[in-house]
Amino acid sequence: MDPLVAAELTKCADDGVPFRAKEGHVHSTWAKTFLSRPELYLQPESLPEIEKIVRLAHTCRRRITTTGCGHSPSSLTCTSSWLVNLDKYNRILSVDAATHVVVMQSGIRLYALCEELEKHGLAMPNLGSINQQSIAGAISTGTHGSSLRHGLMSEDILSLRVTVADGTTRFCSPDEDPELFRAALLSLGALGVITEVAFRAVPEFTLRWRQTIDADAKMLSAWDSGLWTQAEFVRVWWYPYTRRAVVWAAEKDDDEPLRDPPDSYYDRALGYYVYHNLLYLAQFAPRVLPWVEWFVFGMQYGFADGCTTRAVQPSRKALLMNCLYSQFVNEWAVPLDKGPEALRRLSSWLNRLPPSDPDYVDHGIPFSAEGLYVHAPVEVRVSNTSPSNPKSAVPNTRPFLDPTAEDTPTLYLNATLYRPYHTDPPCRERYYEAFEWLMRDLGGKPHWAKNFETDGAEIESMYGDNLRRWRKVRDNVDPDGMFVGAWHRRYVLEKGSVLPLEEAGVKAEKDSTGGVLFEGVVGTTR
């Protein structure tokens, strides 16, 4: 341990507050896209421990990064300084049976939260596609589900406690310190350590869902006539090469008995490994990807249009999906009414459609798709943080960095690229360059937790005064930059600003697992 850190620990050794730290830890994202070797890896179990960590870090001029499961495939959680993992700070503190308000420590994972809520006859109103994240990590990056009746997961947060750079813990809500609340609801880990979350749950519910495979033209024709309003939860997986789509719709139904979907041998280990190996083969022969998509899609869902699967499951199970393999994810939010245009233009570009093709549209993308073959599907989901959602109309509850459209429902398009056996796909740079160009052309904003390449100047133009207000709050609670690093400098910090404790990335090289090993230095000036 560094002598300065050891000396400071000696000074406070008799305060009765543990300092649970270890050296030699290697941190990686879930997808092994980025790795880092923090100086210290800390797992506090109480608020006094968190406050002690923050005070010591400030005294020792160390940076703090907070992480949960590391599901974001970006370098946001990478650091060479102190990494604080909140997995052991994960208790439910109180449950109000009358109001359904649940207060919890911020490190609780969503799957554990759902299990605890179920004991009280409660559930989360909305979920994304996975439940591995901590509640703090999910709200700090703008996690959403797929429903026109819901917005970001943060819409159900009633108040927060945040331990800021001076080691004190501040309470914030829509009524008390609302600027801090709006900044912390989507903080990107740059304000401090979120330590306590008050959340409004709902009575537990069951979802009766139906999944139908059909031509994408049918899905697009229903876009404005019931596609997204047919049920409370709707999501689509779009397969551009086969020009087909899977439409999944789920409605609450507490009367029918539970039943899982039909069990397919292909949905088990066989399908998992066949698909993985076919993706790996395509690393060397990308031209086979359209065939791989046709084959795997057909084996999973059926080769004929109109194939339907039904099930009735608890919400905490029905809303989830399997992420399968290591992957890059580039997801953007665009106005919902831009969806058909986005998919048709992307299809024309990826399929290199001639003007004579009945599905051809002028895509306008100024990059060639010749010889380019990508993975599928594109995940298509919706959320609604516009005034038409009653929750979103509550004053002081919209995060400053909310990427969704303010006055209309929002569509999320998710371009996933797998990394079979942790090898990067050769199409990534060209595909994402074109995909992001199209998203920007449609007025989109990137999902903060994903692998976007849009630079800070563009982010500044997208968020304008909201970004400046977020920075003002951030600078007030952390003037030395103890909670910011190279990722924040690239995307959200003011150009030319100087933060004495900011961590700058100094080296990034391939690790033996295929991920990028991040190394940095704390205490740089610019």
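Laboratory data are not the source of any read-out in this text; all were calculated from the coordinates shown. Just so you know, these numbers come straight off a predicted model, no measurement behind them. Backbone-built Cβ (ideal geometry, glycine too); neighbour counts: all protein chains shown.
Structure data summary
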{"quantity": "Ranked packing of 193-203, 7-17, 145-155, most packed first, by mean Cβ within 10 Å", "calculated": "145-155, 193-203, 7-17"}
{"quantity": "The stretch 147-224: radius of gyration and largest Cα-Cα distance (Dmax), Å", "calculated": "19.1, 57"}
{"quantity": "Inter-part distance where the stretch 321-362 and the stretch 423-499 are each reduced to a Cα centre, Å", "calculated": "23 Å"}
{"quantity": "Amide H contacts of residue 231 (H built 1.01 Å from N, under 5 Å, at least 5 apart or other chain)", "calculated": "none"}
{"quantity": "Percentage relative contact order, the stretch 1-117, counting C-alpha pairs under 8 Å, at least six apart", "calculated": "23 percent"}
{"quantity": "Between helix 428-441 and the chain: long-axis angle, C-alpha atoms, 0 to 90°, nearest 10", "calculated": "90 degrees"}
{"quantity": "Proximal charge balance of residue 280 [Cβ under 14 Å; K/R count +1, D/E count -1]", "calculated": "0"}
{"quantity": "Relative packing of peptides 135-144, 206-215 - highest average C-beta neighbours within 10 Å first", "calculated": "135-144, 206-215"}
{"quantity": "Over the stretch 252-349: Kirkwood hydrodynamic radius from C-alpha pairwise inverse distances, Å", "calculated": "16.9 Å"}
{"quantity": "From the C-alpha gyration tensor of the stretch 31-71, square roots of 5λ in Å", "calculated": "22, 14, 7"}
{"quantity": "Long-range amide H partners of residue 244 with built H, under 5 Å", "calculated": "216, 239"}
{"quantity": "Acute angle (nearest 10 degrees) that the helix 289-301 long axis makes with the longest principal axis of the chain, alpha-carbon atoms", "calculated": "90 degrees"}
{"quantity": "Label-to-label distance, nm, for residues given as residue 179 and residue 61 (7 Å Cα→Cβ offset)", "calculated": "3.0 nm"}
{"quantity": "Of 317/391; 32/495; 32/450; 338/445, those spanning more than 20 Å from alpha-carbon to alpha-carbon", "calculated": "317/391; 32/495"}
{"quantity": "Within-13-Å neighbourhood charge of residue 68 [Cβ basis; K, R +1; D, E -1]", "calculated": "+1"}
{"quantity": "Stokes-Einstein diffusion coefficient of the chain, Kirkwood radius over Cα pairs, 25 °C, 0.890 mPa s, in µm²/s", "calculated": "102 µm²/s"}
{"quantity": "Label-point gap, in nm, between residue 300 and residue 370 - each point 7 angstrom along Cα→Cβ", "calculated": "3.2 nm"}
{"quantity": "Size of charge dipole - the chain - debye, nearest 20, with Cβ of Lys, Arg +1 and Asp, Glu -1, no other charges", "calculated": "640 debye"}
{"quantity": "If the convex hull is drawn through the Cα atoms of the stretch 451-526, its volume per residue in Å³", "calculated": "97 Å³"}
{"quantity": "Candidates per trypsin sites (Lys or Arg not before Pro) in the stretch 295-398, loop by DSSP, up to 15 other Cβ within 10 Å", "calculated": "352"}
{"quantity": "Length added when fully stretched, residue 7-residue 20, from 0.36 nm per residue minus Cα-Cα", "calculated": "3.1 nm"}
{"quantity": "Helix-only mean residue ellipticity at 222 nm for the chain, each DSSP H run of n ≥ 4 adding -39500 (n - 2.57), per residue, nearest 500", "calculated": "-7500 deg cm²/dmol"}
{"quantity": "Those GluC sites (Glu not before Pro) in the stretch 353-407 that DSSP places in a loop and that have at most 13 other beta carbons within 10 Å", "calculated": "370, 406"}
{"quantity": "Furthest towards positive pole of dipole, 258, 245, 207, structure part the stretch 203-264, Cβ charges", "calculated": "245"}
{"quantity": "Nearest-20 debye value, the stretch 30-100 charge dipole, Cβ charges on Lys, Arg, Asp, Glu", "calculated": "340 debye"}
{"quantity": "Nonlocal amide H pairs with residue 123, under 5 Å, H built at 1.01 Å", "calculated": "202, 204"}
{"quantity": "Nitroxide proxy distance, nm - points 7 Å out along Cα→Cβ at residue 252 and residue 120", "calculated": "1.8 nm"}
{"quantity": "Trypsin sites (Lys or Arg not before Pro) within the stretch 251-307, DSSP loop, no more than 13 other Cβ atoms inside 10 Å", "calculated": "268"}
